[in-house]
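Novice: Mind having a look at this structure? Questions to follow.
The values are calculated or read from the model by the stated rules, or taken from the named source; none is laboratory data. The shown structure was predicted, so the numbers you read here are calculated from the model rather than taken from an experiment. Cβ sites come from the backbone with ideal geometry, for glycine too, and all protein chains shown count toward neighbours.
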């Protein structure tokens, strides 16, 4: 017989079902509360740079919200956006893209494709593509974000200013300076009107505008803006805030580019100390501060102070970001360059190769950063005389830049210039000239005829003409470079000192000894003032000045200058650096002219020994030093003196 359910039983069943629903709702509610708590903790970890701790919390939050709310709920879109941000910071760009795209899809389904939240996600995705060097994909997303925000929020909303700023940064990286400046000035006007002159967001826009001017060599326009950023952040946030540290760092960068190293150093140190206190000593931003201070010391030739800072930056980034993050690649590159300047080529090469490998793996084989590391590795090989290995790397770098940024981009000029130096090292002046001319033409077109980079390209073309003994053309170009640098950088910049030194070399070659001596002394004065008495560049100047004195028969003065050069080089670079070999060989030549054969032999032999180990037996310098030693031995035999060293 069928069971008859009483009214009371039915009510009981309904009550049970209702209770079960309430119980399940309470479980879901509790889970969602826990998810929100986890999200807050994860965002705190992200702010602290503890990305490895943030990731499992965010993924757990995502799973809870998917189960409780469904996979296309706006809350799921929000957590996808946060995961995308995390992966972007970690350099996991493919994963970041996937989550950003999913967040955008969820937002468009729930809120429509013209909602401000969709604009925010377009902006975030565009920032990712910008970092990847995918400028063609980034621009339309920034444009879409701008259009949505203008329509939904009004043309004077701060979010519109944010998008203008981001699009301006994209254009700046493509050297579209006029487009970038127009957008930044629009963003600045919006921020000032909406938030006031002293708001931190207004300061951020001033910072971008300062960077734009700095990248164009307009330092006089950049500096007051950067000082304004510092003043605003000090007033609003205080001197212990990380954003104040960033302002200190950016002002220091500006001073470093102008060769104002004494002004830059205390600002870099202040930025480092603030970040250590505010963020903790293991935060990635502390690594960046270490890196920037190390770069300053490297420019000053303070290699022993730079190395531990570079090593600390590398260690911090590996720990916080993982061993394959692009910032780790950058840290490897910077440490490699330090070793390269010191002539420690065997230590530099594996670091440079690692930087290249990381960039190819994470950013792609055609990314602009990959081009930078190809070029730097090529430079390392050029300095070692490995010309066959250097050339294809330079050409690969040039092809990447031309494809990504265009044939007239300043980065293309830099690579053309370095290719020219490669051909100069091989004595292939006919191949060198078209690259020098192209580098100069690109720089003038892209940056303007008065930009410091144009001075560099003019300078290098002058060196070519000097080697070809076209002294009139060389002198005109060097004087042009000098004029540009004095106007753009001031009369005490190290680059100006270097140009003075090469002008003196041209006067020396033309036997204008009095003029050469005056210019050498000016170069020395500039370099000592900006770099200090014991910088390797000072040693090079002493060497060139000694050659001038030697050619005039002033042997005592020449010897004293060579000895100063040798003392500085040995201390700053180490006793086995190739530059030490150059000085030993030159001083040996002086002694040979004076008939001081034993002293000459010792120096020639030392130069050859250094070159064999540091440059290899097939390097042109190694071959030349051996030839000089052989010739000395013949002279000694003719004079009845027995050689002591082996050939």
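Novice: Quick check on this structure: which one of 146, 195 is touching a helix residue (DSSP H, G or I) at 6+ places or on another chain (Cβ under 6 Å), at pLDDT 95 or above and surrounded by fewer than 17 Cβ atoms within 10 Å (Cβ to Cβ)? Quick ask: steps written out before the conclusion?
Specialist: Numbers: 146 fails: surrounded by fewer than 17 Cβ atoms within 10 Å (Cβ to Cβ).
Step by step, each of 146, 195 is checked, and only 195 is touching a helix residue (DSSP H, G or I) at 6+ places or on another chain (Cβ under 6 Å), at pLDDT 95 or above and surrounded by fewer than 17 Cβ atoms within 10 Å (Cβ to Cβ).
Novice: Determine which member of the set 492, 514 is assigned to a helix (DSSP H, G or I) and surrounded by fewer than 23 Cβ atoms within 10 Å (Cβ to Cβ).
Specialist: On the way: 492 fails: assigned to a helix (DSSP H, G or I).
On inspection, the qualifying residue turns out to be 514.
Novice: Can you confirm whether residue 217 is out of contact with any strand residue (DSSP E or B) (no Cβ under 6 Å at 6 or more places or on another chain) and either closer than 25 Å to residue 337 by Cα or without any contact (Cβ under 8 Å) to a residue 24 or more places away in the chain (or both)? Before the answer, list the steps.
Specialist: Values: out of contact with any strand residue (DSSP E or B) (no Cβ under 6 Å at 6 or more places or on another chain): yes; either closer than 25 Å to residue 337 by Cα or without any contact (Cβ under 8 Å) to a residue 24 or more places away in the chain (or both): yes.
Yes, satisfied.
Novice: Could you please let me know if residue 186 is surrounded by fewer than 21 Cβ atoms within 10 Å (Cβ to Cβ), out of contact with any strand residue (DSSP E or B) (no Cβ under 7 Å at 6 or more places or on another chain) and modelled with pLDDT of 95 or more? Quick ask: steps written out before the conclusion?
Specialist: Details: surrounded by fewer than 21 Cβ atoms within 10 Å (Cβ to Cβ): yes; out of contact with any strand residue (DSSP E or B) (no Cβ under 7 Å at 6 or more places or on another chain): yes; modelled with pLDDT of 95 or more: yes.
The answer is yes for residue 186.
Novice: Counting only residues that are surrounded by fewer than 16 Cβ atoms within 10 Å (Cβ to Cβ) and under 32 Å from the mean Cα position of the chain (by Cα), how many does the stretch 102-136 have?
Specialist: Summing the residues that are surrounded by fewer than 16 Cβ atoms within 10 Å (Cβ to Cβ) and under 32 Å from the mean Cα position of the chain (by Cα) in the stretch 102-136 gives 1.
Novice: Pick out the one residue from 612, 529 that is in a helix (DSSP H, G or I), without any contact (Cβ under 8 Å) to a residue 40 or more places away in the chain and assigned by TED's automatic domain parsing to the domain that holds residue 516. Don't jump to the end; show me each part of the working.
Specialist: Working: 612 fails: assigned by TED's automatic domain parsing to the domain that holds residue 516.
From the options 612, 529, the qualifying one is 529.
Novice: Exactly one condition in (1) modelled with pLDDT under 95; (2) part of a helix (DSSP H, G or I); (3) closer than 23 Å to residue 378 by Cβ is false for residue 427; which is it?
Specialist: (2)
Novice: From the list 587, 615, 566, 573, pick out the single residue that is surrounded by 21 or more Cβ atoms within 10 Å (Cβ to Cβ) and within 31 Å of the chain's Cα centre (by Cα). Give the steps one after another, and end with the answer.
Specialist: On the way: 587 fails: within 31 Å of the chain's Cα centre (by Cα); 566 fails: within 31 Å of the chain's Cα centre (by Cα); 573 fails: surrounded by 21 or more Cβ atoms within 10 Å (Cβ to Cβ).
Within the list 587, 615, 566, 573, the selection yields 615.
Novice: Of everything in the stretch 382-395 that's modelled with pLDDT of 95 or more and surrounded by 19 or more Cβ atoms within 10 Å (Cβ to Cβ), which residue is nearest to residue 581 (Cα to Cα)? Reasoning before the result, please.
Specialist: Our first condition is that a residue be modelled with pLDDT of 95 or more; within the stretch 382-395, this holds for 389-395.
Of the ones still in play, those that are also surrounded by 19 or more Cβ atoms within 10 Å (Cβ to Cβ) are 390, 393-394.
Details: 390: 23, 393: 28, 394: 27 Å.
Among residues in the stretch 382-395 that are modelled with pLDDT of 95 or more and surrounded by 19 or more Cβ atoms within 10 Å (Cβ to Cβ), the one nearest to residue 581 (Cα to Cα) is 390.
Novice: Please work out which one of (1) modelled with pLDDT of 95 or more; (2) more than 27 Å from residue 621 (Cβ to Cβ); (3) under 18 Å from the mean Cα position of the chain (by Cα) is the condition residue 378 fails and give its number.
Specialist: The single condition residue 378 does not satisfy is (2).
Novice: Can you tell me which residue is surrounded by the fewest Cβ atoms within 10 Å (Cβ to Cβ) among those in the stretch 44-58 that are in contact with a helix residue (DSSP H, G or I) (Cβ under 7 Å, 6 or more places away or on another chain) and either modelled with pLDDT under 80 or assigned to a helix (DSSP H, G or I) (or both)?
Specialist: 53
Novice: Residue 217: outside any helix (DSSP H, G or I) and within 30 Å of residue 98 (Cβ to Cβ), yes or no? So that I can check it myself, show each step before the final result.
Specialist: On the way: outside any helix (DSSP H, G or I): yes; within 30 Å of residue 98 (Cβ to Cβ): no.
Considered against the rule, which asks whether it is outside any helix (DSSP H, G or I) and within 30 Å of residue 98 (Cβ to Cβ), residue 217 comes out as no.
Novice: Those residues that are on the phi > 0 side of the Ramachandran plot and surrounded by 14 or more Cβ atoms within 10 Å (Cβ to Cβ), I need them from the stretch 214-240; list them, please. Steps first, answer last, please.
Specialist: Initially, the stretch 214-240 is screened for residues on the phi > 0 side of the Ramachandran plot, giving 217, 238.
Scanning the stretch 214-240 gives a single hit, 217.
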